[in-house]
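Colleague: Dropping a structure here in structure tokens format, bear with me for questions.
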Amino acid sequence: MNIEIKSEEYIPRRQTYSHVARRLGEDRPASRYDEGTYDLQATKHFHYRPLWGPQFEIFDPARTAVVMDDWYAFGDPRQFYYATYNINRAAMNAAAERAFEMVEGRNLVARIDADWLAKVRHYLVPLRHYEWGADLNSLRVSDFGYGTRVTSAAIFAAADRLGMAQLLTRIGLILAEMDEAGLDDAKQAWMEAADWQPLRQAVEDTLVIDDWYETFIAQYLALDGIIHPLVYQTFDDAGLEQSALAVSLMSEFMVDWMADNRRWVDALVTVCAKESAANAELISGWYRTWRDRAVTAAIPLAESTLGADGGAAVDKVRAALDERAAGLGLTV
Amino acid sequence: MNIQPVSITLQNTEDARPIIEAILADNPAATVSHYPAMVKIDAPGRIAVVADSVTERIGRDWDPQELHLSVITLNGNINEDDDVFELSWN
């Protein structure tokens, strides 16, 4: 007996949503990222203005001084939507877990030079409060930002910051032989130690910025651009001379994250600066203000960690950041 | 001289779509045929799947090994390294 398998083709009447097709200029299959971000936010027919801020609509492009013709130009080069974001971060987290296991299994913390260990506990663990501030700032960008392409990426960034605060908490506990005092000391340093106060003040000042795009520049370009490379690279390099391999292993997540997140930050800044000379001037001004705050805040920390070399180390990080910002179209 | 054609057939999935786009962009001589659930690409002599082109479309590093998750069949001799997956006749 002969069996003939017939196949019949059904052609979908639409390949994607109409609003996405309008974006693409034709009805063709769109990526999940495009479908998950384009033109999703409500833009009109709002009922009430929020009671807590009646000068703006609930979604209002005027919440920032930056002016964009198309707010959906703020694409994320990593194309993060729920699935891609989680797959990516799960892999990074698995690597971090492995590093923690190795550090604990081989008891690498015991090998760190005692004086340097005290310094690590002082310079690294209080950053969990910095990350929490960054989390709030990311939530603010997501909350008041305009256009799903920027707000969805910001909420993912917020989750990253909380994750890094948790990693720092774990590091704090491990460095203190699982004694909670490791965290209490760090909190006290953040609140009272003289070398932490300029940074705490800078972070607290970013929390009350009104303009969400300024919040973004202050946190992601200026503060992160100085603090992250200084702590996770410069301080870390110095630590390797003091047998602090354990610290490098446990904080590798932050280094990977910075490299990954930087692609998003750079894309946003480039698009915004290219849009108009007025935007470029505006965000350049914000960048200069907050970069100077970040540098001022980093110097005492660098000096208490690296001694006399601290100032030079901050200058180097600052020069690298200025070069990056100039490459993005800002005047530094 | 008649150039012997090579071809690659991929599943018609979300994962394969950027690969198909990259192949068509990098191989101007390629022709595409859509079938239910699969897409066949033919070209005279050579098809190159360039890793950088796919990477650019999906926004993350793409390893040519990932191609095999979407491939249904191939026609041609394979020459593969980290940057490009190439079909041709030796």
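The values are calculated or read from the model by the stated rules, or taken from the named source; none is laboratory data. Predicted, not measured: the structure shown is a model, and the values here were computed from it. Please note: Cβ atoms are built from the backbone with ideal geometry, for glycine as well, and neighbour counts cover all protein chains shown. Calculation scope for accessible area: heavy atoms of the full protein, side chains included, ligands and nucleic acids excluded. Shrake-Rupley method; radii C 1.70, N 1.55, O 1.52, S 1.80 Å.
Colleague: Given (1) more than 30 Å from A:Ala65 (Cα to Cα); (2) more than 21 Å from the chain's Cα centre (by Cα); (3) not acidic (Asp, Glu), where does A:Lys274 come up short, assuming only one miss?
Modeller: So the condition that A:Lys274 fails would be (1).
Residue-wise test of (1) open to solvent by less than 40 Å² (accessible area, probe 1.4 Å); (2) touching a strand residue (DSSP E or B) at 6+ places or on another chain (Cβ under 7 Å); (3) more than 22 Å from A:Pro77 (Cα to Cα).
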{"site": "A:Trp257", "(1), (2), (3)": "yes, no, no"}
{"site": "A:Lys274", "(1), (2), (3)": "no, no, no"}
{"site": "A:Asn279", "(1), (2), (3)": "yes, no, no"}
{"site": "A:Leu301", "(1), (2), (3)": "yes, no, yes"}
{"site": "A:Ser304", "(1), (2), (3)": "no, no, yes"}
{"site": "A:Ala308", "(1), (2), (3)": "no, no, yes"}
{"site": "A:Ala312", "(1), (2), (3)": "no, no, yes"}
{"site": "A:Leu321", "(1), (2), (3)": "yes, no, no"}
{"site": "A:Thr331", "(1), (2), (3)": "no, no, yes"}
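Colleague: Can you spot a residue in the stretch A:50-60 that is in contact (Cβ under 8 Å) with a residue 40 or more places away in the chain, among the aliphatic types (A, V, I, L, M), away from chain B (no Cβ under 12 Å) and open to solvent by 80 Å² or more (accessible area, probe 1.4 Å)?
Modeller: No: the stretch A:50-60 contains no residue that is in contact (Cβ under 8 Å) with a residue 40 or more places away in the chain, among the aliphatic types (A, V, I, L, M), away from chain B (no Cβ under 12 Å) and open to solvent by 80 Å² or more (accessible area, probe 1.4 Å).
Colleague: Taking the options A:Leu230, A:Leu249, name whichever one is touching a Leu at 6+ places or on another chain (Cβ under 8 Å), of a type outside the set (Val, Ile, Thr) and open to solvent by 10 Å² or more (accessible area, probe 1.4 Å).
Modeller: Answer to the selection: A:Leu249.
Colleague: Continuing with this model, one more query. Can you tell me which of A:Leu162, A:Leu168, A:Leu221 is within 18 Å of the chain's Cα centre (by Cα), more than 30 Å from A:Gly36 (Cβ to Cβ) and at pLDDT 95 or above?
Modeller: Checking each option against the conditions leaves just A:Leu168.
Colleague: Here is a further query. Of the residues that sit in the stretch A:1-19 and are within 35 Å of the chain's Cα centre (by Cα) and within 14 Å of chain B (Cβ to nearest Cβ), which one is farthest from B:Ile20 (Cα to Cα)?
Modeller: A:Thr16
Colleague: Restricting to the stretch A:21-41, name every residue that is surrounded by 10 or more Cβ atoms within 10 Å (Cβ to Cβ) and either small (Gly, Ala, Ser) or within 14 Å of chain B (Cβ to nearest Cβ) (or both).
Modeller: A:Ala21, A:Leu24, A:Arg28, A:Pro29, A:Ala30, A:Ser31, A:Arg32, A:Tyr33, A:Asp34, A:Glu35, A:Gly36, A:Thr37
Colleague: Okay, next question. Which helices (runs of 4 or more DSSP H) does the stretch A:161-268 wholly contain that include 3 or more residues that are closer than 30 Å to A:Val67 by Cβ?
Modeller: A:197-206, A:212-216, A:224-229
Colleague: Another one. Do we have any residue at all in the stretch A:131-142 that's closer than 30 Å to A:Tyr81 by Cα, acidic (Asp, Glu) and surrounded by 17 or more Cβ atoms within 10 Å (Cβ to Cβ)?
Modeller: Looking through the stretch A:131-142, at least one residue is closer than 30 Å to A:Tyr81 by Cα, acidic (Asp, Glu) and surrounded by 17 or more Cβ atoms within 10 Å (Cβ to Cβ).
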